[in-house]
Amino acid sequence: MSGINPGANEWKPSVSAAAWSPGGPPPAPTPTPPPPPPAPTAPPATSDMDENDPLWQVVLKITNGDTERANKMIADPDSLMNYPEVVALLSTTSADGGDDMETDDWEKNENMEDVTKTVETMSIQETSVTPAAAAATPTKPSPPTLKEDPAKEEKAVVPVQEGDPREHFNLVFIGHVDAGKSTLSGNILYLTDNVDKRTIERYEREAKERNRESWFLAFIMDTNEEERAKGKTVEVGRAHFNTDVKRYTILDAPGHKNYVPNMIMGASQADVAVLVISARKGEFETGFDRGGQTREHALLAKTLGVSFLVVVINKMDDPTVNWEKGRFDECVKKLRPFLKSCGFTIKKEVKFMPISGLSGANVIDPVDVSVCPWWSKCVAAGENNTTAATLVSQLDAIKIDGRDPTAPLRMPVLDRYTDRGTIAMGKVESGTIRPGMKVKVMPTRLVYKVDAVWSNEEPVASARTGENVLIKLNGCGVEDIQKGFVICSDPPCRAVDKIICEIALMDMPDNTKIFTAGFQAMFHTHTAEEEATVTKLFETTNGKGQVNKEPRFANVGMKIVCMLQLGRTVPMETFKDMAILGRFTLRTEGKTIAIGKVLKLPPKK
């Protein structure tokens, strides 16, 4: 020991070195300490400011020309509402962009062309993958491709059963709570002989025991005890009925504002929406006023891809209405401008008709002329865009274009479960799916073989666009596929965490009145939902068509071209390429604040 240099420095092992012990496998390495947090971003330099920006001019005036203080104020938009000058400015810009949107069909192609040149010049910077994004895209390698016997492959696609040749529609019933959606859905099933008389009698006894005699038809769709006790739909009810020319799947969506996420899940699968309006005095006004679900449901239906909207004015047999034409016309007159602002083309995509969901009048059989003498004249004259006298006959007359069975497969996943393998549930939005074909799941990019396809729980040889299906994926674990993923054929859709989009700002949270960079909301598209943050505003357009480039803020009633950063990668396409994967909704604090369409995706790597 005397040979050791007493002046030598003490030796210490590296913090990342693994402890050694004789024998046995080496332990897992100690994780590397996290990097220090990034330095706070400095406020933008004055040279980057648009000196003509009205907000910048007002803030600069408040600070008596102190640009450094003005920059700090701009970086904290919520605190700006404490200054009367800023509040006055926002009130002015809101008035400029007010209700003119009510007459604007904002989703049409001519509006998109206005921003095409601008969007082409915008770029999306690629950033390193965040831990959250990495979690959404597992690095699990694709299963090895097996060489299969051609004869066996051919055997796998031998038709089990040819699909029903009748066209299939998903039919979602939407509207304010207590408008009569479940009662109407249940009565359709009863009138089409999908519910037997004995079951109806049992439901009548149960409803009478609860002192709710008129609820017995709703019990057909509202099956759990909570829904029957409260008289409110919670989950999306699902049932089937057929006519001579079409097959329908009923999706009975909840009307209460607390269950809007469940309503979105149902509407995202729908081809046609039936907007149920209560004609009873006071109920229509409650549902249509701000805060009522009539407005939000109609807005979400269009955003989620509903092709046609049938507006049924229900409870026309109520003593306060008594099939009066004046009440029907009053409801229609108030609904028309709002539905147009949601993006519906009134003359082509919206139908209006009076019904009684409880008695069944005008649902399958026309209402008696002695009760409602004016309706047959309206139908003959083609008023209210209606060419058929009853609800079911009007649904049968609707034709949806653009269903191309040869297009690339796109099937957003609604749910998945395990039953001797992984079963994925969803609706075929594009193309055709068959047993034996290879599919790619986005965003994971894993490739699987389709072992079986079921439609209405029956095995089928193929499923076309518009069909609700269950598919069994060979070699897929239940953790490898999730709600919001998209099953594709080649070429697959994109999976991105950043987009340039155009949104129509319809509302704002009560505690935040300024829409600026940094604003956060939940992003809903097809069956996916993800957290989103506004990172940049490119331009705003108010109701008078005035365009403001590189704005600092936006107000309700404006159209905004902006960039969104998503928490994880989401399968999407541009609205131009495929509308169903290019529409989205922004929601926060229990309300829908904006509807939008994807204009540009990051460049492919």
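Numbers below:
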read-out: Odd one out for S462 among (1) within 25 Å of the chain's Cα centre (by Cα); (2) touching a residue at least 12 places away in the same chain (Cβ under 8 Å); value: (1)
read-out: Boolean, T540 is of a type outside the set (D, E, K, R), part of a strand (DSSP E or B) and without any contact (Cβ under 8 Å) to a residue 24 or more places away in the chain; value: yes
read-out: When residues of the range 569-597 are limited to those that are within 21 Å of G557 (Cα to Cα) and of a type in the set (K, R), the one surrounded by the fewest Cβ atoms within 10 Å (Cβ to Cβ); value: K591
read-out: Pair list, Cβ under 6 Å, 6 or more apart: the range 294-308 residue over 15 Å from K340 (Cβ atoms) and open to solvent by less than 10 Å² (accessible area, probe 1.4 Å), other residue part of a helix (DSSP H, G or I) and at pLDDT 80 or above; value: none
read-out: Failed criterion for K232 (all others in (1) more than 30 Å from M572 (Cβ to Cβ); (2) crowded, with 16+ Cβ neighbours inside 10 Å; (3) modelled with pLDDT of 70 or more; (4) in contact with a Gly (Cβ under 9 Å, 6 or more places away or on another chain) hold); value: (3)
read-out: Residues of the range 543-559 classified as part of a loop (DSSP other than H, G, I, E, B) and either out of contact with any Ser or Thr (no Cβ under 7 Å at 6 or more places or on another chain) or surrounded by fewer than 21 Cβ atoms within 10 Å (Cβ to Cβ) (or both), total; value: 7
read-out: Top-ranked residue in the range 513-531 [being over 30 Å from W56 (Cβ atoms) and in a loop (DSSP other than H, G, I, E, B); ranked as farthest from the chain's Cα centre (by Cα)]; value: T527
read-out: Hits in the range 517-537 - residues which are crowded, with 19+ Cβ neighbours inside 10 Å and either out of contact with any helix residue (DSSP H, G or I) (no Cβ under 7 Å at 6 or more places or on another chain) or of a type in the set (V, I, T) (or both); value: F519, A521, F523, T525, T527, A528, E529, E530, A532, V534, L537
read-out: Checklist (1) open to solvent by 60 Å² or more (accessible area, probe 1.4 Å); (2) at pLDDT 90 or above applied to M437, failing item; value: (1)
read-out: Of all residues in the range 62-84 being open to solvent by 60 Å² or more (accessible area, probe 1.4 Å) and assigned to a helix (DSSP H, G or I), the one that is farthest from N555 (Cα to Cα); value: E68
read-out: Those residues of the range 357-409 which are without any contact (Cβ under 8 Å) to a residue 60 or more places away in the chain and within 30 Å of M437 (Cα to Cα), in sequence order; value: K399, D401, G402, T406, A407
read-out: Residue among L358, L309 that is more than 20 Å from A388 (Cα to Cα) and outside any helix (DSSP H, G or I); value: L358
read-out: Failed item in (1) aliphatic (A, V, I, L, M); (2) modelled with pLDDT of 85 or more; (3) in contact with a strand residue (DSSP E or B) (Cβ under 9 Å, 6 or more places away or on another chain), with L300 passing the rest; value: (2)
read-out: Residues within the range 471-505 that are assigned to a loop (DSSP other than H, G, I, E, B) and either without any contact (Cβ under 8 Å) to a residue 40 or more places away in the chain or touching a helix residue (DSSP H, G or I) at 6+ places or on another chain (Cβ under 7 Å) (or both), tallied; value: 1
read-out: Meets criteria (aliphatic (A, V, I, L, M), open to solvent by 40 Å² or more (accessible area, probe 1.4 Å), in contact (Cβ under 8 Å) with a residue 24 or more places away in the chain and part of a strand (DSSP E or B)) for V447; value: yes
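The values are calculated or read from the model by the stated rules, or taken from the named source; none is laboratory data. It should be emphasised that the depicted structure is a prediction, and the values quoted were computed from it without experimental measurement. Note that each Cβ is placed from the backbone with ideal geometry, even for glycine, and that neighbours are counted across all protein chains shown. Quick note on the areas: whole protein, heavy atoms, side chains included, nothing else; ligands and nucleic acids left out. Shrake-Rupley method; radii C 1.70, N 1.55, O 1.52, S 1.80 Å.
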